[in-house]
Amino acid sequence: MITTSLIIQTPPIGTIAGKEGLDLALVCAAFEHKVNLIFADEGIFHLINSQKSDLFDDKNHDKQLKALEFYDIDKLYAEVESLVRFSLTAEHLLSDVEMLSSSQINSLISQSDKIFSF
Amino acid sequence: MTAVNPFLKAICLFMTSLPQTNLCILVTGSPSQSQAHLSALRFIRAALKAQQVIKSVFFYQDGVLVANSYTCKPSDELNLIEEWTALSEAHNFELQVCVAASNRRGVINQTEAQLNQINGESLHQSFQVLGLGQLAAAMSAPHSQLIQFK
């Protein structure tokens, strides 16, 4: 089984890079890769639990995040250092997000066969 | 006479040290806002020199913009479509663009144009439109190595 890690470092608003990263994550999962979805830097804003799509006049793709579990991507990872940088804590995030330090993320990535960054 | 680029030489040395792999090249950077295409072209040339096999190059995100045949650049600037076309034809690999990423950026083929009642296709003939599944499948092949240029 192929382990694929996708690191999302771009925010959900202002660029579609993160959305396109999630699209690829779903396709990789459909091809039976074991997918690690890692959010770091401004990418952690994808995981904020209080996003309101009507405030930014476009489709909110947190629905896409919720679809992940149907593709067996049941674990989302957030980098602790990034959360600290933006004064965010677990209570701001969606449930079932696992927080990892950058060194833990490093080892997760080094155990992966394929790595993408968005 | 042009001097041998030291970076190219370093990449070549690195590539010859690798066992034979199937290189999956992914280009996600914009042709006009990033170095991605130039770096990818340079890497592929070095890889080929080091006897590596390039099966295909996949374009995703803003990388697909390179396939827009309506691009008109000043004649003294590098024409990326010509570079990609020449390299892919000489070494027999496909240039694949993601259908979803290219459609949303106005890079469409004849079928898509007809489907949306748009006059004319904008996709350059050197490129093939494929789904993301193609990339996932290429990555699933044994001994494949993914390299992303962004």
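Hey, could you check segment B:94-150 for residues that are hydroxyl-bearing (Ser, Thr, Tyr) and out of contact with any strand residue (DSSP E or B) (no Cβ under 6 Å at 6 or more places or on another chain) and say which is surrounded by the fewest Cβ atoms within 10 Å (Cβ to Cβ)?
Of all residues in segment B:94-150, those hydroxyl-bearing (Ser, Thr, Tyr) come to B:102, B:111, B:122, B:126, B:140, B:144.
If we keep only those that are out of contact with any strand residue (DSSP E or B) (no Cβ under 6 Å at 6 or more places or on another chain) too, we end up with B:102, B:111, B:140.
Details: B:102: 25, B:111: 11, B:140: 18.
Per the stated criteria, the residue is B:111.
Which of the residues that make up segment B:31-74 are small (Gly, Ala, Ser), in contact (Cβ under 8 Å) with a residue 60 or more places away in the chain and assigned to a loop (DSSP other than H, G, I, E, B)?
The answer is B:34, and nothing else.
Residue check, residue B:81 against (1) surrounded by fewer than 18 Cβ atoms within 10 Å (Cβ to Cβ); (2) farther than 21 Å from residue B:132 by Cα, all met but one. Which one?
Unmet for residue B:81, out of (1) surrounded by fewer than 18 Cβ atoms within 10 Å (Cβ to Cβ); (2) farther than 21 Å from residue B:132 by Cα: (1).
In segment A:1-11, how many are open to solvent by 10 Å² or more (accessible area, probe 1.4 Å) and either within 11 Å of chain B (Cβ to nearest Cβ) or in contact with a strand residue (DSSP E or B) (Cβ under 9 Å, 6 or more places away or on another chain) (or both)?
6
State all residues of segment A:2-30 that are over 16 Å from residue B:146 (Cα atoms) and assigned to a loop (DSSP other than H, G, I, E, B); if no residue qualifies, say none.
A:9, A:10, A:11, A:12, A:13, A:14, A:15, A:16
Confirm whether residue A:67 is assigned to a helix (DSSP H, G or I), away from every other protein chain (no Cβ under 14 Å) and open to solvent by less than 80 Å² (accessible area, probe 1.4 Å).
Answer is yes for this residue.
Look through segment A:22-53, keep the residues that are open to solvent by less than 30 Å² (accessible area, probe 1.4 Å) and within 12 Å of residue A:79 (Cα to Cα), and return whichever of them is farthest from the other protein chains (Cβ to nearest Cβ).
Residue satisfying both the conditions and the ranking: A:47.
Give me the residue from segment A:12-21 that is buried (at least 21 other Cβ atoms within 10 Å of the Cβ) and not small (Gly, Ala, Ser) and, out of that set, farthest from residue B:60 (Cα to Cα).
Among those that are buried (at least 21 other Cβ atoms within 10 Å of the Cβ) and not small (Gly, Ala, Ser), it is A:12.
Hey, can you tell me all the residues within segment A:101-118 that are surrounded by 19 or more Cβ atoms within 10 Å (Cβ to Cβ) and of a type in the set (A, V, I, L, M, F, W, C)?
Passing the criteria: A:105, A:116, A:118.
Let me confirm something: among A:96, A:57, A:74, which residue is among the charged types (D, E, K, R), touching a Lys or Arg at 6+ places or on another chain (Cβ under 8 Å) and free of Cβ contacts under 8 Å to residues at least 40 places away in the same chain?
A:96
The values are calculated or read from the model by the stated rules, or taken from the named source; none is laboratory data. Keep in mind that what you see is a predicted model, and the values were worked out from it rather than measured. Heads up, the Cβs are rebuilt from the backbone with ideal geometry, glycines too, and the neighbour counts pull from every protein chain shown. When the accessible area is computed, the model is the full protein with side chains, heavy atoms only, and any ligands, DNA or RNA have been set aside. Shrake-Rupley method; radii C 1.70, N 1.55, O 1.52, S 1.80 Å.
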